[in-house]
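Chemist: Before I ask anything, here is the structure I am working with.
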Amino acid sequence: MATRQFLEVLLQDLRYAGRMLRSSPGFTVTAIAALALGIGANTAIFSVVNTVLLQPLAYPEPDRLVQLELSSAQGNGNITSIPKFMVWQAQRQVFQDVAAYDFGGPGINLTGRDPEQLKGIHVSSEFFRLFGARVMAGRTFSAEEDRPGGPPAVVLSGGLWRRRFGSDPSMVGRSIDLGGEPYTVIGILDASFKSDPPAEIYLPLKADPNSTDQAHYLRAAARLKPGVTLDQAKAAMKLAAEQFKEKFHVQMGPQESFTAEPLRDTVVGDVRKALLVLLGAVSFVLLIACANVANLLLARATIRRREIAIRAAIGAGRGRIIRQLLTESILLSLAAGFLGLGLGYFGVRGLLSLNPGGIPRVGEQGSDVALDWRVLAFTVGVSALTGVLFGLIPAFNASRTDLNVTLKESGLRSGSGVRQNKARSILVVTEMVLALVLLVGAALLIRTFSMLRNVDPGFDFHNILTMEMSLTGARFNKTAGVNQLVREAERRVEALPGVTALASTCCLPLEGGFGLPLVIEGRPLTEGTAHGGGSWRTVSPRYFEVFKIPLIRGRMFTDRDDGNAPRVVLINEVLAKQFWPNSNPVGQRITIGKGVGPEFEEPPREIIGIVGDVRNQGLDNKPDPIMYIPVAQVNDGVTALNNGIIPITWVIRTSVEPHSLSKEIQDQLRIASTGLPVAHIRSMEQVRGESTSRTDFNMTLLVIFAGVALLLAAIGIYGLMAYSVQQRTQEIGIRMALGANAQDVLKMVVRQGMALAFAGVLIGVAAASGLTRLMASLLYGVTPRDPIAMTSVALLLVGVAFAATYIPARRASRVDPVVSLRYE
């Protein structure tokens, strides 16, 4: 019976609330629009947070999946070598399945008719079982196919099977040409399976269990056995590290070990903090919107005081009145939530399609960001909480009514109480504080963006086109074949009008690369097997001409530095200063890659020159030590290894817009390689943009949120001052009748508004000084308390507040005393 009565009363309140909101369409539309902005922004960011941080990985029992890693005092590394993987694979007391896979670096060349480069990865035989891949037809790799020398087998993704082979049911058992060699299709995966990294085609890893190759180019993951905890797995990995050190005692330092981490944590990486900062920022926008709507309700309550007093006089209790007013607030917020849900969902997908920001798990153009029960529950919950939040203060104020006084007052004057104006002033100051914190955050990211754009990368990135080519086939297993291709490509491409120079490399600047140890000839070793290490890059002679990297000392590579010439190396200034701080390294000899594996064993190389520093690890990282090796002098074993894990990258400097020559260059490269396709065509300006895409994404969002916050704060202070002027019209008229001039009135109103603005700015600066420390990891070249950002934002907010205050102040100064004295 009680439930039925409650529902009847609730229905009554809803009908009444609906009538009241329909009777004030201007107020209703304004309030819903303000709230929809705040709720929509929150929904947008939460939908990304939900996809990246909350949704489980799309694999069976994802909580049991772990990434196997190396740990050290500097942090964990998720790249490993074959010998380490073999040790991890043996830990069957804690792991049910263990698999290794590469990065999908070189594309897989599908040759024959209509050649194309496919996204492919090499995987060990347990990979598909580990990640729960369903097979649509055929099977996955057996242990025999995953062994060195095993038969050439391949597994197709469901997407490739449909796109390239027209869903042909007879594909299993048929042969396809990859790099000019036949491979048997043994299975087709269900289209729902998505690997990380994404792939269209899968080949067996064929790792040698007896390998001593210490090159790190694999990832490894495992599934915990039922009942095994993460701590138990970590303990087993730590013990395995000690066993590995006994076998390869020089390959790991005393502080290095093995560990296991939840796979989802490693997939998400360092994006967690940025998303949580953005989620906190949009909550500020919502709070400002709530403060604005609360101010609207307080103003509206002045008009409804007589109505509320009459309801109280005929028996409505205070609790009943508060509940009715809160019902109106929640109805408003739910309507705004419905609109905000659509705004947020389509808004974030639109933004992600323009700039995905390098965020994992969102898919291409935000395709994986979807509405699910979490997003819907969040939006409904935020909407309901918002309704209570902005409705409580006006409801309590309105219900606290002196019946005798209110019923004797006229409608407009009844709202001029001090309590209401004090509450509205507090709300406006709160808006100013929240807006300033958001604006400071946006200013810091804008400063970071500017700093990154002004960083000297160490090379000229203008007018350079880059292309990748996978070198498959026996012809390119030897260095001589690769060098011949480079020479032929130079001859053909540089003959094209508009092409200045062509070069090849293993890795582009700004995108990282490989590292190898070095030993300096004639210098004793105090500990370990190397004096240090640095990044290692294979380049053709015109590489430095293409990127305009300057020669500091010595000479550059020439075409004479081929496989028959003495071994040479170029180093950058960072490496020279690190190992030869007080001497000239040119003429010194170093051995590179000693102890890494038999493929890397080579005689010492002579340092023939020092070149300028280049930022290889991104614009936000300082230049690292680099060793440049002529592509013609790479060991055959390293060449074969490189071809299996990374593509060769062509870099072409042009005298015209680079993409305008793309087709002609592709044609000549295809001819030079006898039919190999190229892929991943980008200009170096695009590469530079991609290196800062996450910072750009964070900045864009925070600037949008800060702009909305500034607008709402300006509307808030304008609304308060306009309302105050309206309420004080009679008082202002009396002042002017007694001799006050328009300038005095203008100053009085401006002073009142700016007092609130300055209070908000002072409190906001203190709050921003504390809260912006959470953004430290997102910044570059500026500190969280950057004085330029703080000062400029404070001045901007004061200026906006002045403009918002001046308009109603100007209106007040034009009050006609005769009219105002009759004003009700």
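Chemist: Does Ala215 count as aliphatic (A, V, I, L, M) and surrounded by fewer than 16 Cβ atoms within 10 Å (Cβ to Cβ)?
Modeler: So Ala215 does not fit the description; no.
Chemist: Return the residues of region 507-557 that are assigned to a loop (DSSP other than H, G, I, E, B) and farther than 23 Å from Lys594 by Cβ; say none if nothing qualifies.
Modeler: Scanning region 507-557 gives Leu508, Pro509, Leu510, Glu511, Ser540, Pro541, Arg542, Lys548, Ile549, Pro550, Arg555, Met556.
Chemist: Which one of these does Gly415 not meet: (1) at pLDDT 85 or above; (2) small (Gly, Ala, Ser); (3) farther than 30 Å from Val574 by Cα; (4) surrounded by 18 or more Cβ atoms within 10 Å (Cβ to Cβ)?
Modeler: All conditions are met except number (1).
Chemist: Residues in region 277-289: is at least one touching a residue at least 60 places away in the same chain (Cβ under 8 Å) and either touching a Lys or Arg at 6+ places or on another chain (Cβ under 9 Å) or closer than 30 Å to Pro647 by Cβ (or both)?
Modeler: no
Chemist: Still on this structure, I have one more. Enumerate the pairs (first residue in region 142-167 and over 23 Å from Glu126 (Cβ atoms); second residue anywhere and assigned to a loop (DSSP other than H, G, I, E, B) and at pLDDT 95 or above) with beta-carbon separation below 9 Å, excluding pairs fewer than 6 apart on the same chain, so at least 6 apart or on different chains.
Modeler: Short answer, once both residue conditions are applied: none.
Chemist: Ok, one more. Taking region 182-203 only, how many residues are farther than 15 Å from Gly107 by Cα and outside any loop (DSSP other than H, G, I, E, B)?
Modeler: Of the residues in that region, 8 qualify.
Chemist: Select from region 369-392 the residues that are small (Gly, Ala, Ser) and closer than 20 Å to Ser329 by Cα and write down the one among them that is most open to solvent (accessible area, probe 1.4 Å).
Modeler: So, considering only residues that are small (Gly, Ala, Ser) and closer than 20 Å to Ser329 by Cα, the one most open to solvent (accessible area, probe 1.4 Å) is Ala377.
Chemist: When the residues of region 465-496 are narrowed to those that are acidic (Asp, Glu) and not in a loop (DSSP other than H, G, I, E, B), which ends up most open to solvent (accessible area, probe 1.4 Å)?
Modeler: Glu488
Chemist: When only residues in region 755-789 that are open to solvent by less than 20 Å² (accessible area, probe 1.4 Å) and part of a helix (DSSP H, G or I) count, which is farthest from Asn621 (Cα to Cα)?
Modeler: The residue in question is Ala757.
Chemist: Identify, from the list Gly149, Gly120, Gly107, Gly132, the residue that is surrounded by fewer than 17 Cβ atoms within 10 Å (Cβ to Cβ) and under 30 Å from Cys506 (Cβ atoms).
Modeler: Of the residues listed, the single one that is surrounded by fewer than 17 Cβ atoms within 10 Å (Cβ to Cβ) and under 30 Å from Cys506 (Cβ atoms) is Gly149.
Chemist: Which residues, counting only those in region 146-170, are closer than 19 Å to Gly104 by Cβ and either basic (Lys, Arg) or touching a Pro at 6+ places or on another chain (Cβ under 7 Å) (or both)?
Modeler: Listed by number, the residues that qualify are Asp146, Pro152, Ala153, Arg163, Arg164.
Chemist: Does Leu68 meet the test of being over 24 Å from Ala377 (Cα atoms) and touching a strand residue (DSSP E or B) at 6+ places or on another chain (Cβ under 9 Å)?
Modeler: yes
Chemist: Filter region 564-587 down to the residues that are open to solvent by less than 50 Å² (accessible area, probe 1.4 Å), out of contact with any Pro (no Cβ under 8 Å at 6 or more places or on another chain) and touching a residue at least 24 places away in the same chain (Cβ under 8 Å), then identify the one that is nearest to Arg605 (Cα to Cα).
Modeler: So the residue we want is Val569.
Chemist: Moving on. Does Met684 fit the bill of being aliphatic (A, V, I, L, M) and in contact with a His (Cβ under 8 Å, 6 or more places away or on another chain)?
Modeler: Considered against the rule, which asks whether it is aliphatic (A, V, I, L, M) and in contact with a His (Cβ under 8 Å, 6 or more places away or on another chain), Met684 comes out as yes.
Chemist: Looking for whichever is among the basic types (Lys, Arg), surrounded by fewer than 19 Cβ atoms within 10 Å (Cβ to Cβ) and modelled with pLDDT under 90 here; the options are Lys225, Lys245. Which one fits?
Modeler: Lys245
Chemist: Sticking with this one: Name the pairs: first residue in region 693-722 and over 16 Å from Ile807 (Cβ atoms), second residue modelled with pLDDT of 85 or more and not in a helix (DSSP H, G or I), Cβ to Cβ under 7 Å, at least 6 apart or on different chains?
Modeler: Listed by first residue and then by second, the contacts come to nothing, as the list is empty.
Chemist: Let me ask something additional. Go through Leu439, Leu471 for me and flag whichever is modelled with pLDDT of 80 or more and farther than 30 Å from Arg670 by Cα.
Modeler: From the options Leu439, Leu471, the qualifying one is Leu439.
Chemist: Please return the ranges of strands (runs of 3 or more DSSP E) entirely within region 101-162 where 2 or more residues are farther than 22 Å from Gln67 by Cα.
Modeler: 108-110, 116-118, 135-138, 153-156
Chemist: How about region 589-607: which of its residues are surrounded by 20 or more Cβ atoms within 10 Å (Cβ to Cβ) and in a strand (DSSP E or B)?
Modeler: Across region 589-607, the qualifying residues are Ile590, Thr591, Ile592, Arg605, Ile607.
Chemist: Quick one: how many residues across region 667-682 are farther than 18 Å from Arg113 by Cα and not in a helix (DSSP H, G or I)?
Modeler: 3
The values are calculated or read from the model by the stated rules, or taken from the named source; none is laboratory data. What you see is a predicted model; the values in this text were computed from it and never measured. When we count neighbours, we look across all protein chains shown, and the Cβ atoms used for this are built from the backbone with ideal geometry, even at glycine. Keep in mind that these areas ignore ligands, DNA and RNA; they rest on the heavy atoms of the full protein, side chains included. Shrake-Rupley method; radii C 1.70, N 1.55, O 1.52, S 1.80 Å.
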